[in-house]
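A short write-up of the structure that comes next.
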Amino acid sequence: MGRFHRHTDGTVHEHDHGDDPQGIGDHSAYRTGSERVSVLQNIFAENDHTAAQNRADFTASGVCTVNLMSSPGAGKTTLLRETLRRLGNSVRTGVIEGDIETSLDADRLAGLGAAIVLVNTGDGFGGECHLDAPMVRSALPRLPLDELDLVLIENVGNLVCPAEFDVGERARAMVYAITEGEEKPLKYPVMFRSVDLVLINKTDLLPYLDYDLDAFHANLRAVNPGVITIEISARTGEGVDEWCNWLLTKLSELRLGADAALT
């Protein structure tokens, strides 16, 4: 027996890594039985069915949805504040704010022109460490989808579980802070491999840290060779306009696709 593994096609199976799963590490202490794999298959199947419904609803409303993930404290909420300030009235934006407890982050985003919906996951076992598709679906009736262009999903801070759950998003991005260390793509490959964009945050701290940015890029390329990166400082605003342009490009792609489907 070994740990379960979920492939990009959604299948889940027991996976015995043996002595050397990816050339690094000892996974022998982690055991997963066939019963647990079966339960996980059922969980992911239900989640993916609901994610498809979410995606269909977003698309029907002409809404581009981006799932924004990170570890706790990487700077998602600060980035979203700067994003909403820059997009202003030009893009009608909604935010689904995921947190285990409190409305602290949702409160920080209030008053910036976006429709904010809070999803607390604390009723789960010790507090769910991610948003899944049913949780996102529970938020949709509270969002005026037909009046929005863009929905940003601020997922629960975690470098593991959020990457496993499709929530119906059109694209995935993650905020990574340089204070987390250069090795994180190697230690948390599922997250870094699952995203379309990595926002390298807190670059204003580079002069004060013993940090090797080139080593991080090399580690990132090792797990996700084609991923787009933008170096930013959500605190100073550096790179935030480039991030906003990426969002606008995703929105334009959605609209072009919808126009093509009508012709």
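The values are calculated or read from the model by the stated rules, or taken from the named source; none is laboratory data. None of the values given here were measured: they were computed from a predicted structure. Cβ placement follows ideal geometry from the backbone for every residue including glycine, while neighbour counts extend to all protein chains displayed. Only protein heavy atoms, including side chains, enter the accessible area calculation; ligands, DNA and RNA are left aside. Shrake-Rupley method; radii C 1.70, N 1.55, O 1.52, S 1.80 Å.
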Practice item. Check whether at least one residue in segment 184-191 is assigned to a loop (DSSP other than H, G, I, E, B), under 30 Å from residue 57 (Cβ atoms) and either under 11 Å from the mean Cα position of the chain (by Cα) or in contact (Cβ under 8 Å) with a residue 40 or more places away in the chain (or both), and report yes or no. Key: no
Exercise for review: Take segment 89-147 and flag every residue that is among the β-branched types (Val, Ile, Thr) and either over 18 Å from the mean Cα position of the chain (by Cα) or farther than 23 Å from residue 64 by Cβ (or both).
Suggested key: 91, 100, 102, 121
Point to revise | Only one of 19, 9, 26 that is within 28 Å of residue 257 (Cβ to Cβ), in a loop (DSSP other than H, G, I, E, B) and at pLDDT below 95 | key: 9
Practice item. Mind checking which strands (runs of 3 or more DSSP E) fall wholly inside segment 100-183 and carry at least 3 residues that are polar (S, T, N, Q), in contact (Cβ under 8 Å) with a residue 40 or more places away in the chain and farther than 20 Å from residue 44 by Cβ? Key: none
Exercise for review: Return only the number of the condition from (1) more than 19 Å from residue 198 (Cβ to Cβ); (2) within 10 Å of the chain's Cα centre (by Cα) that residue 159 does not satisfy.
Suggested key: (1)
Point to revise | Every residue from segment 93-114 that is buried (at least 17 other Cβ atoms within 10 Å of the Cβ), of a type outside the set (Val, Ile, Thr) and under 23 Å from residue 62 (Cβ atoms) | key: 94, 97, 109, 112, 114
**Study point:** Subset of segment 159-203 [open to solvent by 50 Å² or more (accessible area, probe 1.4 Å) and either more than 28 Å from residue 133 (Cβ to Cβ) or small (Gly, Ala, Ser) (or both)]
**Key:** 179, 183, 186, 202
Practice item. Return yes or no: is residue 86 basic (Lys, Arg), in contact with a Cys (Cβ under 6 Å, 6 or more places away or on another chain) and part of a helix (DSSP H, G or I)? Key: yes
Point to revise | Residue in segment 96-109 that is over 25 Å from residue 244 (Cβ atoms), aliphatic (A, V, I, L, M) and either touching a strand residue (DSSP E or B) at 6+ places or on another chain (Cβ under 9 Å) or at pLDDT below 95 (or both) present | key: yes
Exercise for review: Scan segment 225-239 for residues that are open to solvent by less than 10 Å² (accessible area, probe 1.4 Å) and assigned to a loop (DSSP other than H, G, I, E, B) and report the count.
Suggested key: 3
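Only one residue in 248, 213, 256, 206 is touching a residue at least 40 places away in the same chain (Cβ under 8 Å) and open to solvent by 10 Å² or more (accessible area, probe 1.4 Å), so which one is that?
248
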Practice item. Consider residue 175 carefully, then state whether it is under 9 Å from the mean Cα position of the chain (by Cα), closer than 14 Å to residue 229 by Cα and β-branched (Val, Ile, Thr). Key: yes
